[in-house]
Amino acid sequence: MKTIIHLDTIEKQFAGSVVVPPFSLSIEEGEFLTLLGPSGCGKTTLLRMIAGFEEPTSGEIYLDGKPLAHVPAYQRDMNMVFQQYALFPHMTVEQNILFGLKMKKVDGAEQKRRLEEVLQYVQLTELRKRTPKQLSGGQQQRVAIARAIINNPKVLLLDEPLGALDYQLRKSLQLELKNLQKNLGITFIYVTHDQEEAMAMSDRIAVMNKGRIEQIASPAEIYNRPQTLFVATFIGENNIFKAEGSCTAVRPEKVKLYPIDTESDKHKKTGRITDVVFLGNLRKIYIRLDGTEMSVLAHQYANEGFDWQVDHQVAIGWSQTDEVVLSC
Amino acid sequence: MKKRNNALTGFSWLMIVFLYLPIAILILYSFNESRINAVWNGFTWKWYISLFENRQVMQALTNSLTIGLISSILATVLGTAASIGIKHYSLRWRNVVNGLIYLPIVIPEIMLGLALLVLFSQMKMDLGKATLIMAHTTFSIPFVMVIISARLADMGKELEEAAQDLGATPWQTMRYVILPLIMPGIVAGFLMAFTLSLDDFIISFFVAGPNSTTLPLYIYGLVKRGVSPEVNALSTLLIVSTVLLVIVAELFRRKDSKTITY
């Protein structure tokens, strides 16, 4: 694999305050990399620096080995899918999609060939003469993607492209986007605050917090082996047990519940059930540990164990291998 | 059904009458057969016909249209460029600059007229059409900018960024994205500037010279010799064309906001 984008000790300050502290990152060709984090964590700023809409305060960005510092946004060989799509309201679907090729004065026959190909690809052939206003949210999103990929960019930047859509549509478009990325072989840099989305699509996830990249790894590693307390609590649900100098994280699905009177020697802790939340395939059980103010969350899947009720006394246990030790 | 507040309704009507009665009477008497304003003698078009046969009136009309057209084109071009410029440069003194630009809207016209007169005489310029055009351009620019800046603010910056992202140079972005999107605002601004120029009296009074009499100045000259039905007719024509222009400008300004909300 070769590196397509390299960030070399990039830093961004706004009016003297540091938004993104210096860091380096390499993104590989054909990779689906997600920048994941809560709002205000600097992920969009990072994306906009790569696109060329913001200038890094210091450091250098390389695209395919070439430094981008003095390359304006319109000369960078990458395209962006905007959060609100930013389709041109005074142009039809077709004109929107062709815009990039027109600006670069691509030859007419070539424009036409690529237009047909892309229209077919995103299934917009029938809607080509409509204006953005006459399209649904999902259709607008497809125009935004078509408008970007027709330029054959080296990298596609996506800024929460599914954020404005409803849940069902988002689910199906996640898969579509992932397939699109695989088929085109383009590098995707995808910004989202939705961890499910990040998990479902990414090759690697960079979890960001306060401008810093906390961890960058595959979805499975991020979930199973979080390196920082922030990652452990931000991704999925976690139980954090604090001891002097370190914390131990245990996923709720790894927490086993036992009746209080059996196998008593195995039990680490006991407690009282304070809440049971039924979610169909899953029940979330909240337990207040005896003698502390601490609450533990356990996930129980259907047909597993007992029919736990509020106020039951339970014993709690988990396997040593499911513990993740973090410094905190 | 909402219960109507009769007192409020009555008051509203009273306000309307208060505002429009003088104009309505002026229009009514422009069709009066009698030369004396106070007596209604029957309907006639003859004052309008005599207007169009009056060489001086026609000259004033030509002056007004020429000055209006040139000054509003200049104001629109300069105002559009300035609005776009101010939006793009995050000037440190942006609010101050904005304030300075909009200040002429509230400055008493007589001050502006006097100031321009002083300026022109300092520069040893002969008063005439040229000075009128410059003066009208000056006071129209803030109005054009108010309309176009509102338009630009609605547009946000995402569309411009999208254009750049797709490879459009700053000029291409201007040509294919910004200008088409603010065009309704530009047209509305132009019509507004034209209307302002056509109607202006006070500033024109200071900076006009021989052979550059505009319609409002001509009307003022006539009134000094008493209010004649011709004056009524001429004023009526001015009012009607102003109202039409403002309506068209408003239509463009609104078309504006409709195409942009998507």
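Among the residues of segment B:106-135 satisfying the criterion of being within 21 Å of the chain's Cα centre (by Cα) and not in a helix (DSSP H, G or I), which is nearest to B:L78 (Cα to Cα)?
Within segment B:106-135, the match that is nearest to B:L78 (Cα to Cα) is B:I107.
Within segment B:158-175, is even one residue of a type in the set (V, I, T), more than 30 Å from B:L217 (Cβ to Cβ) and either within 14 Å of chain A (Cβ to nearest Cβ) or within 27 Å of the chain's Cα centre (by Cα) (or both)? Don't jump to the end; show me each part of the working.
Within segment B:158-175, the subset of a type in the set (V, I, T) is B:169, B:173.
Remaining after also requiring more than 30 Å from B:L217 (Cβ to Cβ): B:169, B:173.
With the extra rule that they be either within 14 Å of chain A (Cβ to nearest Cβ) or within 27 Å of the chain's Cα centre (by Cα) (or both), the set shrinks to B:169, B:173.
Yes, segment B:158-175 contains a residue that is of a type in the set (V, I, T), more than 30 Å from B:L217 (Cβ to Cβ) and either within 14 Å of chain A (Cβ to nearest Cβ) or within 27 Å of the chain's Cα centre (by Cα) (or both).
Here's the yes/no breakdown for (1) surrounded by 14 or more Cβ atoms within 10 Å (Cβ to Cβ); (2) within 13 Å of another protein chain (Cβ to nearest Cβ):
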position: A:M78; (1), (2): yes, yes
position: A:L87; (1), (2): yes, yes
position: A:K102; (1), (2): yes, yes
position: A:L115; (1), (2): yes, no
position: A:L119; (1), (2): yes, no
position: A:Q123; (1), (2): no, no
position: A:R128; (1), (2): yes, no
position: A:L135; (1), (2): yes, yes
position: A:Q139; (1), (2): yes, yes
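Keeping to segment B:74-87, report how many residues are surrounded by fewer than 16 Cβ atoms within 10 Å (Cβ to Cβ) and not small (G, A, S). Steps first, answer last, please.
Applying the first criterion (surrounded by fewer than 16 Cβ atoms within 10 Å (Cβ to Cβ)) to segment B:74-87 yields B:77, B:81, B:85.
Next cut, not small (G, A, S) only: B:77.
Residues in segment B:74-87 being surrounded by fewer than 16 Cβ atoms within 10 Å (Cβ to Cβ) and not small (G, A, S): 1 in total.
Step by step: first the residues of segment A:174-184, then only those that are closer than 19 Å to A:L35 by Cα and in contact with a helix residue (DSSP H, G or I) (Cβ under 7 Å, 6 or more places away or on another chain), then the one that is surrounded by the fewest Cβ atoms within 10 Å (Cβ to Cβ). Which residue is that?
A:K178
Tell me the residue from A:T192, A:T233, A:T187, A:T274 that is touching a residue at least 24 places away in the same chain (Cβ under 8 Å), surrounded by fewer than 20 Cβ atoms within 10 Å (Cβ to Cβ) and either assigned by the TED database to the domain that holds A:T57 or in contact with a strand residue (DSSP E or B) (Cβ under 9 Å, 6 or more places away or on another chain) (or both), please.
Details: A:T192 fails: surrounded by fewer than 20 Cβ atoms within 10 Å (Cβ to Cβ); A:T233 fails: touching a residue at least 24 places away in the same chain (Cβ under 8 Å); A:T187 fails: surrounded by fewer than 20 Cβ atoms within 10 Å (Cβ to Cβ).
Step by step, each of A:T192, A:T233, A:T187, A:T274 is checked, and only A:T274 is touching a residue at least 24 places away in the same chain (Cβ under 8 Å), surrounded by fewer than 20 Cβ atoms within 10 Å (Cβ to Cβ) and either assigned by the TED database to the domain that holds A:T57 or in contact with a strand residue (DSSP E or B) (Cβ under 9 Å, 6 or more places away or on another chain) (or both).
Looking at segment A:87-124 only, could you name the residues that are closer than 20 Å to B:I182 by Cβ and either free of Cβ contacts under 8 Å to residues at least 12 places away in the same chain or not β-branched (V, I, T) (or both)?
Just the residues of segment A:87-124 that are closer than 20 Å to B:I182 by Cβ, to begin with: A:87-92, A:95-96, A:99, A:103.
Selection gives A:L87, A:F88, A:P89, A:H90, A:M91, A:Q95, A:N96, A:F99, A:M103.
Out of B:I23, B:I105, B:I49, which single residue is touching a residue at least 60 places away in the same chain (Cβ under 8 Å) and either among the β-branched types (V, I, T) or open to solvent by 50 Å² or more (accessible area, probe 1.4 Å) (or both)?
Details: B:I105 fails: touching a residue at least 60 places away in the same chain (Cβ under 8 Å); B:I49 fails: touching a residue at least 60 places away in the same chain (Cβ under 8 Å).
From the options B:I23, B:I105, B:I49, the qualifying one is B:I23.
Within segment A:42-55, is there a residue that is away from chain B (no Cβ under 14 Å), touching a residue at least 12 places away in the same chain (Cβ under 8 Å), open to solvent by 30 Å² or more (accessible area, probe 1.4 Å) and not β-branched (V, I, T)?
So far as segment A:42-55 goes, no, none of its residues is away from chain B (no Cβ under 14 Å), touching a residue at least 12 places away in the same chain (Cβ under 8 Å), open to solvent by 30 Å² or more (accessible area, probe 1.4 Å) and not β-branched (V, I, T).
Among the residues of segment A:285-328, how many are more than 26 Å from A:P226 (Cα to Cα) and either in contact (Cβ under 8 Å) with a residue 24 or more places away in the chain or outside any loop (DSSP other than H, G, I, E, B) (or both)?
Final tally of qualifying residues: 10.
Here are some conditions: (1) within 13 Å of chain B (Cβ to nearest Cβ); (2) of a type outside the set (G, A, S); (3) outside any helix (DSSP H, G or I); (4) under 23 Å from B:W171 (Cα atoms). A:I97 meets all but one. Which one does it not meet?
(3)
Checking the structure you have, find out if any residue of segment B:10-18 is closer than 30 Å to B:D200 by Cβ and not hydrophobic (A, V, I, L, M, F, W, C). It would help to see each step written out before you state the result.
Let us first name the residues in segment B:10-18 that are closer than 30 Å to B:D200 by Cβ, namely B:15-18.
If we keep only those that are not hydrophobic (A, V, I, L, M, F, W, C) too, we end up with none.
There is no residue in segment B:10-18 that is closer than 30 Å to B:D200 by Cβ and not hydrophobic (A, V, I, L, M, F, W, C).
Collect the residues in segment B:178-215 that are within 14 Å of chain A (Cβ to nearest Cβ), of a type in the set (V, I, T) and crowded, with 23+ Cβ neighbours inside 10 Å, keeping them in residue-number order.
Within segment B:178-215, just B:I182 meets the criteria.
Being modelled with pLDDT of 95 or more, of a type outside the set (S, T, Y) and open to solvent by less than 10 Å² (accessible area, probe 1.4 Å) is the requirement here; does B:L132 meet it?
On the way: modelled with pLDDT of 95 or more: yes; of a type outside the set (S, T, Y): yes; open to solvent by less than 10 Å² (accessible area, probe 1.4 Å): yes.
Considered against the rule, which asks whether it is modelled with pLDDT of 95 or more, of a type outside the set (S, T, Y) and open to solvent by less than 10 Å² (accessible area, probe 1.4 Å), B:L132 comes out as yes.
Working only within segment B:160-217, note down all residues that are of a type in the set (S, T, N, Q) and touching a residue at least 12 places away in the same chain (Cβ under 8 Å).
Residues of segment B:160-217 that are of a type in the set (S, T, N, Q), as a first pass: B:164, B:169, B:172-173, B:195, B:197, B:204, B:211-214.
Result: B:T173, B:T195, B:S197, B:S204, B:N211, B:S212, B:T213, B:T214.
Do we find that B:L69 is touching a residue at least 40 places away in the same chain (Cβ under 8 Å), open to solvent by 40 Å² or more (accessible area, probe 1.4 Å) and over 16 Å from B:V231 (Cα atoms) in this structure? Lay out the reasoning, then the answer.
Numbers: touching a residue at least 40 places away in the same chain (Cβ under 8 Å): yes; open to solvent by 40 Å² or more (accessible area, probe 1.4 Å): yes; over 16 Å from B:V231 (Cα atoms): yes.
Yes; evaluated as a whole, the condition is true for this residue.
Please verify whether segment A:143-164 includes one or more residues that are surrounded by 17 or more Cβ atoms within 10 Å (Cβ to Cβ) and either without any contact (Cβ under 8 Å) to a residue 12 or more places away in the chain or more than 28 Å from A:Q75 (Cα to Cα) (or both).
If we filter segment A:143-164 for residues that are surrounded by 17 or more Cβ atoms within 10 Å (Cβ to Cβ), which is where we start, we get A:143-151, A:153, A:155-162.
Adding the requirement that they be either without any contact (Cβ under 8 Å) to a residue 12 or more places away in the chain or more than 28 Å from A:Q75 (Cα to Cα) (or both) leaves none.
No, segment A:143-164 contains no residue that is surrounded by 17 or more Cβ atoms within 10 Å (Cβ to Cβ) and either without any contact (Cβ under 8 Å) to a residue 12 or more places away in the chain or more than 28 Å from A:Q75 (Cα to Cα) (or both).
What number goes with the only condition from (1) touching a helix residue (DSSP H, G or I) at 6+ places or on another chain (Cβ under 6 Å); (2) aromatic (F, W, Y); (3) not in a helix (DSSP H, G or I) that B:F143 does not pass?
B:F143 satisfies every listed condition except (3).
The values are calculated or read from the model by the stated rules, or taken from the named source; none is laboratory data. What you are looking at is a predicted structure, and each value in this text was computed from that prediction instead of being measured. Reconstructed Cβ throughout: ideal geometry from the backbone, glycine too, with neighbour counts over all protein chains shown. Just the protein is used for accessible areas: all its heavy atoms, side chains included, with ligands, DNA and RNA removed. Shrake-Rupley method; radii C 1.70, N 1.55, O 1.52, S 1.80 Å.
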